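Asker: Below you will find the structure I want to go over with you.
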Amino acid sequence: MASALLAPPSNTSPESALHLSQAAPSFFASQASFNLPWPLSLLSASESQEKWQIYNNIFIACLASGDSESAYLCLEEITDRFGKENERVMALNGLYQEATAKNDTELQAVLGRYEELLQDDPTLFAVRKRRAALLRSMGRTNEAVAALTELLDASPIDAESWAELADVYLTQGLYEQAIFSLEEVLLVTPNAWNIHARLGEVLYLNANHSEGAEQVKGLSEAMRRFCRCIELCDDYLRGYYGLKLTTSRLLPLLSASSQKTSTAELPPPSVKTTEKLNEAATAKLSEIVRRSKSGEKGFDGYSEAELIAAHELLSRDSQNVAR
Amino acid sequence: MAGLVEQQIHRDPALFYWILLPITVVMILTGVLRHYLSTLLQSTPKRQPLPKIREQRSLQRAQNLRNNYQQVSKAAFERRKEAFLEGAKEGKFLADPDARGKARPNPMSDPAMMEGMMGMMKGNVAMMVPQSLIMGWINAFFSGYVIMKLPFPLTPQFKQMLQAGVGTRDLDVRWVSSLSWYFLTLFGLQPVYNFILGSKNAANQMTQQMQQAQMGANPMGGAEDPEKLFNAEGENLEVIDHRYILEGVEDRLLEKLGV
């Protein structure tokens, strides 16, 4: 429970968000009860970073589950502690207003407020991020891209914004730009296996749009990204999924072309290696699917949707073999 | 066999209640006070203007590229390198491109620098004032008492440390004078503060001194010419011999998976 309260809010699923927001009342109660009178309270420091992280997470979970009253209580606590002028408090406040806005005009007003804030102080990066996110969710993608590129020009080491930019580009089908942005993320966080897998996915999508030697090159690059991802985290479902997908796409292409033009920096992998990788990925995927279906310990953290997709990929593959 | 005979000094038990205890309590309370004082006196770090942030982070991006270049392909690396080198040459990343090539102003005249100095001064004052006050107080009221006896023997070198203010040559080293007890508490209460105030307290002066020592020999020289930094970073990037982490990753992976 405590660890769920402390996990970064971005990757909580709807169910756990609901669960978290239901824990809000008990958390409030536990915070309020214990307070020493004034001179004694100076002697004990009851504050910790975790406390505020929990407030933050509950706030976001409450907004996600539509419990805006509890969210407002959290926001008030946070504002009392850190002041209205705090950058992150401003962003959270904006988030609350966004979530409780009823129509487009209200959202527009929130956007106007962000712009006002940024005019006074252009260094409020948290507010800038909120503005970009709001623009994106309002469907004004081009403006969101402009906001993000402007942000990244001022702060090019912000991995979060680079990842967001990559995502926006991806929805627009601009694969080259998305790849560039994801590479930037990797330059900041070189060991993030999920980003490696994400980059592999984008490379795979990009390769789907090319033909011939280009496609082989793109697919093998994607395959290597997935390999690196698995090297860093050896039970990451998406990594194995991508590895299986790319290798099964690569195999017919490799055996068909079989010309040895190793002009590129990295020649495409040999058929034998690809086969082995495909087998390894299939074995691991089916193991993960099987064991997490039966709810074994250590295999229970996978997302339901990903498991279904993996199962589907496996069964499609076995059908092909049967034919 | 004179050494085996233990020195006996009959101490008034009142010494314990009226000297040892007050000194200890006062020292702990000053630590707490100092913690809150320095928290109150702390000036919030001034926000840097956007161009300055941009300059720093662009430089940091180049450093990231230098450290993590293995993550991207050679083409991608070359592209980023060229872009950085060009930008650095034209001074695109600098906070004020107009000031290029001019002599740096004296850091003492920079008001932002003075602000930082003031912050440090405040910290020092919060540390020094109570310390000298208590030192004077102890000297005035409690000097010259032998207040306790250590339960273990020590070599004579500790005499200076443990018997400050008691000018007796033959006194066994195990006896501790009040002034020395003050010094011991001054330097040794860190764990107590950690317990009371949490581990990030500002109560102990030793940690503060350590921080200042770490801040660098000269707080003045912190402002180096950014253009030079960019050029140096560019040179670092140019000498990199690119190696791609995806090279041979499939073989590494197969070996790891034991296939």
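The values are calculated or read from the model by the stated rules, or taken from the named source; none is laboratory data. Everything numeric here is computed off the predicted structure, so don't read it as measured data. Cβ placement follows ideal geometry from the backbone for every residue including glycine, while neighbour counts extend to all protein chains displayed. Keep in mind that these areas ignore ligands, DNA and RNA; they rest on the heavy atoms of the full protein, side chains included. Shrake-Rupley method; radii C 1.70, N 1.55, O 1.52, S 1.80 Å.
Asker: Sort through A:L63, A:L118, A:L95 and tell me the only one that's within 21 Å of A:L20 (Cα to Cα) and either small (G, A, S) or at pLDDT 90 or above (or both). Let's see the steps before the verdict.
Answerer: On the way: A:L63 fails: either small (G, A, S) or at pLDDT 90 or above (or both); A:L118 fails: within 21 Å of A:L20 (Cα to Cα).
Going through A:L63, A:L118, A:L95 in turn, the sole match is A:L95.
Asker: So, one more: Among B:E55, B:E78, which is the only one that is more than 8 Å from chain A (Cβ to nearest Cβ) and open to solvent by 30 Å² or more (accessible area, probe 1.4 Å)? So that I can check it myself, show each step before the final result.
Answerer: On the way: B:E55 fails: open to solvent by 30 Å² or more (accessible area, probe 1.4 Å).
Residue meeting the stated conditions: B:E78.
Asker: OK, next. Could you grab me the full set of residues in region A:141-158 that are closer than 22 Å to B:A95 by Cα and of a type outside the set (V, I, T)? Quick ask: steps written out before the conclusion?
Answerer: Here is the first cut: in region A:141-158, the ones closer than 22 Å to B:A95 by Cα are A:146-158.
Once the filter is applied, which keeps residues that are closer than 22 Å to B:A95 by Cα and of a type outside the set (V, I, T), region A:141-158 yields A:A146, A:A147, A:L148, A:E150, A:L151, A:L152, A:D153, A:A154, A:S155, A:P156, A:D158.
Asker: Now for a separate question. If a residue must be surrounded by fewer than 15 Cβ atoms within 10 Å (Cβ to Cβ) and over 22 Å from A:R225 (Cα atoms), how many such residues does region A:288-321 contain?
Answerer: Of the residues in that region, 19 qualify.
Asker: Please tell me if B:I23 is farther than 24 Å from B:M118 by Cα and away from chain A (no Cβ under 12 Å).
Answerer: yes
Asker: Restricting region A:97-140 to residues that are farther than 18 Å from A:D158 by Cβ and open to solvent by less than 40 Å² (accessible area, probe 1.4 Å), which is nearest to the chain's Cα centre (by Cα)?
Answerer: A:E98
Asker: Condition (residue is out of contact with any helix residue (DSSP H, G or I) (no Cβ under 7 Å at 6 or more places or on another chain) and at the interface with chain B (Cβ under 10 Å from one of its Cβ atoms)) applied to region A:202-221: is it met by at least one residue?
Answerer: no
Asker: Starting from residues that are of a type in the set (A, V, I, L, M) and at pLDDT 85 or above, keep the ones in region B:33-59 and report whichever is farthest from B:F141 (Cα to Cα). First the steps, then the outcome.
Answerer: The first filter runs over region B:33-59 and keeps only residues of a type in the set (A, V, I, L, M), leaving B:33, B:37, B:40-41, B:50, B:53, B:59.
If we keep only those that are at pLDDT 85 or above as well, we get B:50, B:53, B:59.
Working: B:L50: 56, B:I53: 54, B:L59: 58 Å.
In this case the residue turns out to be B:L59.
Asker: So which residues in region A:111-169 are within 14 Å of another protein chain (Cβ to nearest Cβ) and acidic (D, E)?
Answerer: Once the filter is applied, which keeps residues that are within 14 Å of another protein chain (Cβ to nearest Cβ) and acidic (D, E), region A:111-169 yields A:D120, A:D121, A:E150, A:D153, A:D158, A:E160.
Asker: How about region A:239-248: which of its residues are open to solvent by 10 Å² or more (accessible area, probe 1.4 Å) and within 26 Å of the chain's Cα centre (by Cα)? Give the derivation first.
Answerer: As a first pass, look at region A:239-248 and keep what is open to solvent by 10 Å² or more (accessible area, probe 1.4 Å): A:241, A:245, A:248.
Correct list: A:Y241, A:L245.
Asker: On to the next question. Identify all residues within region A:222-261 that are among the charged types (D, E, K, R), more than 14 Å from chain B (Cβ to nearest Cβ) and without any contact (Cβ under 8 Å) to a residue 60 or more places away in the chain; write none if there are none. Spell out the reasoning first.
Answerer: First, pick out the residues of region A:222-261 that are among the charged types (D, E, K, R): A:224-225, A:228, A:231, A:234-235, A:238, A:244, A:249, A:260.
From the residues that got through so far, the ones that are more than 14 Å from chain B (Cβ to nearest Cβ) too are A:238, A:249, A:260.
The answer is A:R249, A:K260.
Asker: Which of the helices (runs of 4 or more DSSP H) contained wholly in region B:152-259 include at least 3 residues that are at pLDDT below 85 and under 30 Å from A:Q49 (Cβ atoms)? Reasoning before the result, please.
Answerer: Working: elements: B:159-162, B:178-188, B:190-197, B:205-214, B:226-238, B:249-257.
So the answer is B:190-197, B:205-214.
Asker: Also, quick follow-up: From the list A:E201, A:E296, A:E306, pick out the single residue that is at negative phi and free of Cβ contacts under 8 Å to residues at least 12 places away in the same chain. Outline the logic, then answer.
Answerer: Numbers: A:E201 fails: free of Cβ contacts under 8 Å to residues at least 12 places away in the same chain; A:E306 fails: free of Cβ contacts under 8 Å to residues at least 12 places away in the same chain.
On inspection, the qualifying residue turns out to be A:E296.
Asker: Which of the following residues is assigned by TED's automatic domain parsing to the domain that holds A:R88 and more than 28 Å from B:L65 (Cα to Cα): A:L124, A:L117, A:L148?
Answerer: Numbers: A:L124 fails: more than 28 Å from B:L65 (Cα to Cα); A:L148 fails: more than 28 Å from B:L65 (Cα to Cα).
From the options A:L124, A:L117, A:L148, the qualifying one is A:L117.
Asker: I would also like to ask the following. Filter region B:243-259 for residues that are within 9 Å of chain A (Cβ to nearest Cβ) and either closer than 25 Å to B:L59 by Cβ or open to solvent by 70 Å² or more (accessible area, probe 1.4 Å) (or both) and give the result.
Answerer: Across region B:243-259, the qualifying residues are B:Y244, B:I245, B:E247, B:D251, B:R252, B:K256, B:V259.
Asker: Further question on the same structure: Return yes or no: is A:I78 β-branched (V, I, T), within 22 Å of A:P14 (Cβ to Cβ) and either open to solvent by 30 Å² or more (accessible area, probe 1.4 Å) or assigned to a helix (DSSP H, G or I) (or both)?
Answerer: Numbers: β-branched (V, I, T): yes; within 22 Å of A:P14 (Cβ to Cβ): no; either open to solvent by 30 Å² or more (accessible area, probe 1.4 Å) or assigned to a helix (DSSP H, G or I) (or both): yes.
For A:I78, the condition - β-branched (V, I, T), within 22 Å of A:P14 (Cβ to Cβ) and either open to solvent by 30 Å² or more (accessible area, probe 1.4 Å) or assigned to a helix (DSSP H, G or I) (or both) - is not met.
Asker: Another one. For B:P45, only one of the following conditions fails: (1) open to solvent by less than 70 Å² (accessible area, probe 1.4 Å); (2) within 30 Å of B:N124 (Cα to Cα); (3) not hydrophobic (A, V, I, L, M, F, W, C). What is its number?
Answerer: (1)
Asker: So which residues in region A:16-34 are among the small types (G, A, S), within 16 Å of A:W52 (Cα to Cα) and either at pLDDT below 75 or open to solvent by less than 70 Å² (accessible area, probe 1.4 Å) (or both)? Spell out how you get there, then give the answer.
Answerer: Initial filter on region A:16-34 (among the small types (G, A, S)): A:16-17, A:21, A:23-24, A:26, A:29-30, A:32-33.
The next check asks that each one be within 16 Å of A:W52 (Cα to Cα); those that pass are A:21, A:23-24, A:26, A:29-30, A:32.
Listed by number, the residues that qualify are A:S21, A:A23, A:A24, A:A29, A:S30, A:A32.
Asker: Can you find a residue in region A:35-50 that is modelled with pLDDT of 75 or more and either assigned to a helix (DSSP H, G or I) or open to solvent by 60 Å² or more (accessible area, probe 1.4 Å) (or both)? I'd like the intermediate steps shown before the answer.
Answerer: Step one: filter region A:35-50 for residues modelled with pLDDT of 75 or more, giving A:50.
With the extra rule that they be either assigned to a helix (DSSP H, G or I) or open to solvent by 60 Å² or more (accessible area, probe 1.4 Å) (or both), the set shrinks to A:50.
Yes: one or more hits.
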